[in-house]
Structures are given as structure tokens and as C-alpha cells.
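Report on one structure; see the data block that follows.
The values are calculated or read from the model by the stated rules, or taken from the named source; none is laboratory data. Since we're looking at a predicted model, the values are computed, not measured. All Cβ positions, glycine included, derive from the backbone under ideal geometry; neighbour counts span all protein chains shown. What goes into the accessible areas is simple: the full protein's heavy atoms, side chains included, and nothing from ligands, DNA or RNA. Shrake-Rupley method; radii C 1.70, N 1.55, O 1.52, S 1.80 Å.
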Amino acid sequence: MNYDKEMSAQLNQLRDDGNYRVFADLERVRGSFPRATRHDGGGTCEVTVWCSNDYLGMGQHPDVIGAMKTAIERCGAGAGGTRNISGTNHYHVELEAELADLHGKEAALIFTSGYVSNWASLGTLASRLPGCVVLSDAGNHASMIEGIRHSRAEKHVFKHNDPEDLNRKLAEIAPERPKIVAFESVYSMDGDIGPIAEFCDVAEAHGAMTYLDEVHAVGLYGPRGGGIAEREGLMHRLDVIEGTLGKAFGVMGGYIAASKTICDFVRSFASGFIFTTALPPSVAAGALASIRHLKTSNTERLAQRERVAILRRRLDEQAIPYMANESHIVPVIVGDPVKCKWITDWLLENAGIYVQPINYPTVPKGTERLRITPSPMHTDEDIDALVNALSELWSQCALARAVA
């Protein structure tokens, strides 16, 4: 086989389908979020970022930056190895205690990313509980799907956000078999929210464990930023709560919060935890500062909600179609991969607006979109510039307007 020829052909097919991903060379500028410096062809220009998962701008917060600087000065750059060998730093211990407290659990365990925490935790639990069956929501993230696949456990996919379908599928499984129900709170592409209480009711009726992914909710919802489960008073009903440090908390890393036994079980058996270098102490320190700040400050959350509401109102005024939901995510529907890519290229080149196209396989074909995430730092002028540019492009591309 001519390997390069085969790979090039597949890459060219991606380009023809409008699904080829291009990275924008951006430099975040401290204190200027959501502004960034774009590097292109030897030159630079300023752009406004509209698709960051640093939802609250905590990656720019002085408490977070200060904590990271202090940790570097105290500990140096790296962790020194895996947690099991030489990489457990006191900042890691403090961070896990803070996360356990955030979610009202006995313990927590941190990983190098949210992807790894899902893959390692679900993979370990499902593979090592004898005869385990996993019930997975149809909308679950790739990291959850990969963890379940890696476990080789029996899997059943239930209809998205459908407790009745979950109940039907659980009823077909022998009562004595161990079962894990895996679902999310906020789904990142549609922005819809899972029926957590109903899923807990069904899982409890069938003796199943509950595993909730809160990565797009932690820091953003609940009186202390514990997520949708905290907001709805349900954290005590969930066996495992998984989250990230790389979105609303503004740093990087992932974690689970659960009982001491579950965390110790994953710590002791998960290869994705055992054999990987630990987070740098500075990153753990930054996450710790961010969590502590958002436990006591509601300012950022309230400001973000206001920005989201204003953006939606302005989109409505221009009849730009977007998916209605109860979260902070605003998916503007284009419905065509080539036009979606062309729109984002035009915005970047002509309006200094950066938003990535979301195409297949991230979302189903025909639902291509711009995933817009307003932050507390976006101004009214930023919103007007974005909506006015979108309105012009909707006319140029002859895209359907929303029906009032």
C-alpha cells in the first residue's frame, strides 16, 4: 500500500465534505479576554473569541494566575512523575479535598483531562465489576463512549434524555447483574440538560449505579458552582460525578468525585491514572484557586447569564435560528458543512470574529452549526458586531431565517 496516498485521499475527502479542521493560530492575551492575537502569514491582528470553553474567563483571573505563579516558585515546573511514583504533590491532595467538598462526596481523584477521567473511570468500573452492563445515553460524549468500549462490558444505548426508554432497557437485564447508568447534565453541542432526578429514580429502582458527566456545568450552576446536580439538590443521589478543570475553572485536568471506595478502586486499577504523569503543581494550584473563588462568588455566573440572554434577544431580532435550551450554550444552526466553514472563515478574515464551525462527526449531518459561548467579558458592542455580521452572512448565503 502507498500509505501517504491513502491518507491523502481520506484527508481530501474531508476537505470536499467541508469537514476538514483548520487550527487558528491564536495567542491569548492576559487581561484582554475575549480578545486574542491572531498570527497569520507573518502578521498579527486582534480577534474576538466567541467559542471558548473558558466560560467565565477564569483562565485570566488574577487569583488563578497568582496561585500558579506561587506554585511554580515553590515547586518548579513539573510534577516529577506519576502519582504512584513521585508525582503526588500537596497541591494535588488539597485539590482533591476541595473537589470532594464541592460535590458533597467523601473523596475525589484528579486526572490529566476530562477525556481521560471519563475514559479511565468508566472503563475501569465497567470492566472490573463482574458481568457489568452499561446503559449509556445516546448523546454521551466520545470520552464516555470510548471508556465503555474499552471496558468490553455489555452496553445498551438508551434514547437521549429519555427515562422511560432507560427503564425499559434496565427491566430487560437480570436484577442481580451490576449496572451503570451513564449520562451528562449539560450536553455541549445542543446545550440541553438531562433529567437527572428521573434518571436517578429509574436507576435506584433497578439497583444501578449512576455516573454523571458535569463537565459543561461545574463552576457555572449551583450556589457554589457544583453543577446542575447541586442546583437541583441531587448530588447525594449520584454515585460518581465527573467534571473538568479545563472549562469554567479555566485551567486543565479532569476528575471524579465519589465515595472513598470508588475513588480508591479507580485509583488502584485504572491504567489511565496509574501510568501517566501527574498534573503540574502549578496547574493544580490554579484549579484550586478557581474553585475556591467560584464557591463564594456568583458575580461571574450572573454576568454570563445576562450576556447569554442579550445575545439570544439580538439573534431573535435578526431572525437568526438557534437551538433553544436552558443552558449557556447558543448553537446557531447553519445546516450545511461547506457554508458553515465559509461563514466562519469570512468572520475571521473580515470581521475579526473567531468561532469554529461544528460539523460532522461532532454533530449529525444536516445540523452543522456555530457553537457560540458568551462570557461575562463580551460587551454589548461585541454582541452587536457578531449578530450584525451573522445577519449579513445569512443574506449572502441565502440561509433560512427563524420563523417568529
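What the table below lists for this structure:
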{"quantity": "Options ASN167, ASN140; residue that is farther than 23 Å from LEU245 by Cα and modelled with pLDDT of 95 or more", "calculated": "ASN167"}
{"quantity": "Of residues in the stretch 118-177 being in a helix (DSSP H, G or I) and basic (Lys, Arg), the one most open to solvent (accessible area, probe 1.4 Å)", "calculated": "ARG149"}
{"quantity": "Of all residues making up the stretch 17-35, the number that are open to solvent by less than 40 Å² (accessible area, probe 1.4 Å) and in contact with a Phe, Trp or Tyr (Cβ under 9 Å, 6 or more places away or on another chain)", "calculated": "4"}
{"quantity": "Exclusive hit being touching a residue at least 40 places away in the same chain (Cβ under 8 Å), of a type in the set (Gly, Ala, Ser) and touching a strand residue (DSSP E or B) at 6+ places or on another chain (Cβ under 7 Å), set SER327, SER375, SER391", "calculated": "SER327"}
{"quantity": "Test: residue in the stretch 210-226 that is over 16 Å from SER121 (Cβ atoms), out of contact with any Asp or Glu (no Cβ under 8 Å at 6 or more places or on another chain), hydrophobic (A, V, I, L, M, F, W, C) and open to solvent by 30 Å² or more (accessible area, probe 1.4 Å)", "calculated": "no"}
{"quantity": "Condition broken by GLN10, with the remaining ones in (1) more than 29 Å from PRO361 (Cβ to Cβ); (2) part of a helix (DSSP H, G or I); (3) polar (S, T, N, Q) satisfied", "calculated": "(1)"}
{"quantity": "Residue check, GLU230 assigned to a helix (DSSP H, G or I) and within 20 Å of GLN304 (Cβ to Cβ)", "calculated": "yes"}
{"quantity": "When residues of the stretch 380-404 are limited to those that are open to solvent by 50 Å² or more (accessible area, probe 1.4 Å) and in a loop (DSSP other than H, G, I, E, B), the one farthest from HIS328 (Cα to Cα)", "calculated": "ALA398"}
{"quantity": "Any chance ARG38 is surrounded by 15 or more Cβ atoms within 10 Å (Cβ to Cβ), touching a Ser or Thr at 6+ places or on another chain (Cβ under 7 Å), within 30 Å of LEU390 (Cα to Cα) and among the charged types (D, E, K, R)", "calculated": "yes"}
{"quantity": "Hey, MET58 open to solvent by 50 Å² or more (accessible area, probe 1.4 Å) and touching a residue at least 40 places away in the same chain (Cβ under 8 Å) or not", "calculated": "no"}
{"quantity": "Qualifying residue in the stretch 305-325 (condition: at pLDDT 95 or above, in contact with a Ser or Thr (Cβ under 7 Å, 6 or more places away or on another chain) and under 30 Å from LEU109 (Cβ atoms))", "calculated": "no"}
